[in-house]
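One structure below.
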Amino acid sequence: MRFGRVVRAPRGLAQLAALDRSALESMPGVVLVHEGSFAGVLAEREEAAVKAMRAVRDHSRWEPAAALPGDIHAWLKAHVAEQHLISEKTDAAASDRALTTIEASYTKPYVAHASIGPSCAIAQWSGDTVTVWSHSQGIFNLRRDLALALGMAEDDVVVKHVEGAGCYGHNGADDVALDAALLARSSGGRPVKVQWMREDEFGWEPFGPAMAFALKASLEAGGNIVRWQHNLWSNGHSHRPGVSAGPTLIAASHLARPFERGSAVNPPLPAGGAERNAIPLYEFPNQRVTNHYVREMPVRTSALRSLGAYGNVFAIESFMDELARAAQIDPIAFRLRHLKDPRALDVIRAAAQSARWSEWTRDEGRGHGIGFARYKNLGAYCAVIAEVAAETEVRVARLVIAVDAGLVVNPDGLVNQIEGGAIQSTSWTLKEQVRFDAEGVASLGWEDYPILRFSEVPAVEVVLLDRPELPSVGVGEAAQGPTAAAIANALEDAIGVRVRDLPLDREHIVAAM
């Protein structure tokens, strides 16, 4: 087997303008592969391939990408391609009772998949056919895009799935498969392994889209919501292979005859993409929810665990707390009065009881908060109560999570899914955002893209509401949005300041103050 590395710009997004081969003259046995603005190296040992890749990269000339917008959320609002009204209800009589109107805006940044193990693939040619070993999540769609990019019939491409680093969504696993196939074409039938470097993974994978939200609601004299409006702005949440006319793989747009890189799209409702969970489960007499789809993409975006549900639930549940405060009603009581679904009522009450919500005693710098949603409005019901301590950083001390997933077949497996989702959501909510500068992606390692450490993991308690008479539903992504909202609401309870921009880090807390 040979080892390959792709030569890409040291900072993501730039294109190869001029290749300098001189650095390889002192590296015998290294093979350079160059086609269009795609370049890579082959070597007998992995460390030799890494050394050669860096030498070529550092001596070549790169054409910088267009400058990224300084305020991505303002940019999204200025580049709307389509508007989709996804929910509307009207009740003029109820609307006439409105006394107080409140508005708030929220944002979510680009989030990386941040897989601990970078993407990897092995490819081997035999005559006019190629076999690729990949940890892709969709080997048939990947085969289709590989065939398009390589100008081959699908029957001449074989993709074999092997276990590799996971990512909870669409990261670079498909992209590196084409990298391996292109490099292996110059390997004389020998297999080639290509593993991305850490900077490749952070600089070139598709990100979970940045999103912006504007919410507006009116309260009547008794504190009930009589009008609700939710606007969201986002790129599409799926750019996986097999969904566009051409291949979506990075190297396909770098070939001598490049393929146009299409735009990310949204799966249709009821699951949805950007609009996932944008329609609240609460009962409002007047309601209008609009998705403002942005086709242009300053960076690649695609599926990240829970898609738009994470941002939408964060915004909705943060706003529900703000409305409860305006109405001077306990946040849990406020939610219960706006729900009719008995399973929703039960799951919130179960979380409150287990967390001893009514017995909470106020202490300086400590707070508790609630977040609730039914995932996709057709999956598991999930209510999260977070307890946080606002110290030099925000620390989540405890998460109490109640879940109704219908018939519980494997309680331990269900609890594992909820715990893992809540911990990942805690990491996103407190720490994670892709950063950019004038040269492109600036967060290319763990120093610039911190994730939750083991020492920061909160205690997680999961309460299962078994419904043996009802169908089982999946829970793998149910905790993402409610956990974010619960932490945000607990932070406001602790410091008296509402932070509406994710992540809830020092920078955004100070800005909110």
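The values are calculated or read from the model by the stated rules, or taken from the named source; none is laboratory data. This one's a predicted model, so the numbers in the text were calculated from it and none came from an experiment. Here the Cβ is made from the backbone with ideal geometry for all residues, glycine too, and neighbour counts use every protein chain on show. Only protein heavy atoms, including side chains, enter the accessible area calculation; ligands, DNA and RNA are left aside. Shrake-Rupley method; radii C 1.70, N 1.55, O 1.52, S 1.80 Å.
Kindly provide log₁₀ I(q)/I(0) values, in the same order as q = 0.14, 0.23, 0.34 Å⁻¹, from the Debye equation applied to equal alpha-carbon scatterers of the stretch 395-437.
Debye intensities relative to I(0), on a log10 scale: -0.45, -0.85, -1.24.
For the chain, with all protein chains present and a 1.4 Å probe, just round the carbon and sulfur fraction of the accessible area to a whole percent. Can you show the working numbers first?
Values: 10050 of 20600 Å².
Its accessible area is 49 percent carbon and sulfur atoms.
Restricting everything to alpha-carbon atoms, can you work out Rg to Rh for the chain with a Kirkwood hydrodynamic radius?
Working: Rg = 24.5 Å, Rh = 24.2 Å.
When Rh is taken as the Kirkwood radius, the ratio is 1.01.
Would you please state the base-10 log of I(q)/I(0) at q = 0.16, 0.17 1/Å for the stretch 65-163, with intensities from the Debye formula using one equal scatterer on every alpha carbon?
Computed log10 I(q)/I(0) values: -0.93, -0.97.
So if R0 is 25 Å, what FRET efficiency would Ser22 and Ser126 give, r being the distance between their Cβ atoms, rounded to the nearest 0.05?
Calculated transfer efficiency: 0.15.
Please sort 436-444, 338-346, 111-119, 418-426 by packing, taking for each peptide the average over its residues of neighbouring beta carbons within 10 angstrom, highest first.
Result, highest mean first: 418-426, 111-119, 436-444, 338-346.
Return one quarter of the surface area of the convex hull spanned by the alpha-carbon atoms of the stretch 184-321, equal to its mean projected area, in nm².
Across all orientations, the stretch 184-321 yields a mean hull projection of 11.1 nm².
Can you tell me the equivalent ellipsoid semi-axes for the stretch 6-132? Use √(5λ) from the Cα gyration tensor, largest first, whole Å.
51, 19, 14
Given points 7 Å out from each Cα along the Cα-Cβ axis, report the Thr361 to Lys77 separation in nanometres with one decimal.
4.4 nm
Show which lysines lie in cross-link reach of Lys51 when reach means a straight Cα distance below 30 angstrom and same-chain residues fewer than eight apart are skipped.
Reachable lysines: Lys160, Lys193.
From the alpha carbon gyration tensor of the stretch 299-377, can you work out the equivalent ellipsoid semi-axes (sqrt of 5 times each eigenvalue) and give them in Å, largest to smallest? Show your work: numbers first, answer last.
Values: eigenvalues 128, 56, 35 Å².
Three semi-axes, in Å: 25, 17, 13.
Loop-only check: which trypsin sites (Lys or Arg not before Pro) in the stretch 349-433 are DSSP coil with at most 12 other Cβ within 10 angstrom?
Taking the stretch 349-433 and a limit of 12 other Cβ atoms within 10 Å, the loop trypsin sites (Lys or Arg not before Pro) found are Arg356, Arg362.
Restricting things to alpha carbons, tell me how big the stretch 427-497 is in terms of Rg and Dmax, in Å.
17.4, 57
Measuring from the lowest to the highest alpha carbon on each principal axis, how far does the stretch 167-208 reach, largest first, in angstroms?
For the stretch 167-208, the Cα extents along the three principal axes come out at 38, 18, 12 Å.
If you average 1/r over every pair of different alpha-carbon atoms in the stretch 270-314 and take one over that average, what Kirkwood value in Å do you get?
The answer is 12.1 Å.
Compare the Cα positions of Leu19, Ala114, Val31 along the charge dipole of the stretch 1-138 (+1 at Cβ of Lys, Arg; -1 at Cβ of Asp, Glu; about the Cα centre) and return the one farthest towards the positive end.
The residue sitting most towards the positive pole is Val31.
Could you give the length gained on full extension between Glu154 and Arg61, defined as 0.36 nm per residue of separation minus the Cα-Cα distance, in nm? Don't jump to the answer; show the numbers that get you there.
Numbers: separation 93, 0.36 × 93 = 33.48 nm, distance 3.55 nm.
Gain on stretching Glu154 to Arg61: 29.9 nm.
For the stretch 220-292, compute Rh as the Kirkwood radius over C-alpha pairs and then the Stokes-Einstein diffusion coefficient at 10 °C and 1.306 mPa s; write the answer in µm²/s, rounded to an integer.
Working: Rh = 15.1 Å.
The diffusion coefficient I find is 105 µm²/s.
Hey, any idea what Rg/Rh is for the stretch 122-193, computing Rh the Kirkwood way over Cα pairs?
That ratio equals 0.94.
Under a 1.4 Å probe, what is the accessible area of the chain per residue, stated in Å²?
On a per-residue basis, the chain sits at 40 Å².
Can you tell me the order of 249-257, 121-129 when each peptide is scored by its average per-residue count of other Cβ atoms within 10 angstrom, highest first?
Result, highest mean Cβ count within 10 Å first: 249-257, 121-129.
Tell me the relative contact order for the stretch 1-113 as a rounded percent, counting alpha carbon contacts under 8 Å between residues six or more apart.
Taking the mean separation of contacting Cα pairs over the length of the stretch 1-113, I get 28 percent.
Given the stretch 326-365 reduced to its alpha-carbon atoms as identical point scatterers, what log10 I(q)/I(0) does the Debye formula return at q = 0.16, 0.17, 0.26 Å⁻¹?
Debye output, listed in q order: -0.47, -0.53, -0.95.
Using amide H atoms built 1.01 Å from N in the peptide plane, name the residues 5+ places from Val159, or on other chains, whose amide H lies under 5 Å from its own.
Under 5 Å from the amide H of Val159 lie the amide H atoms of Val132, each far enough along the sequence or on another chain.
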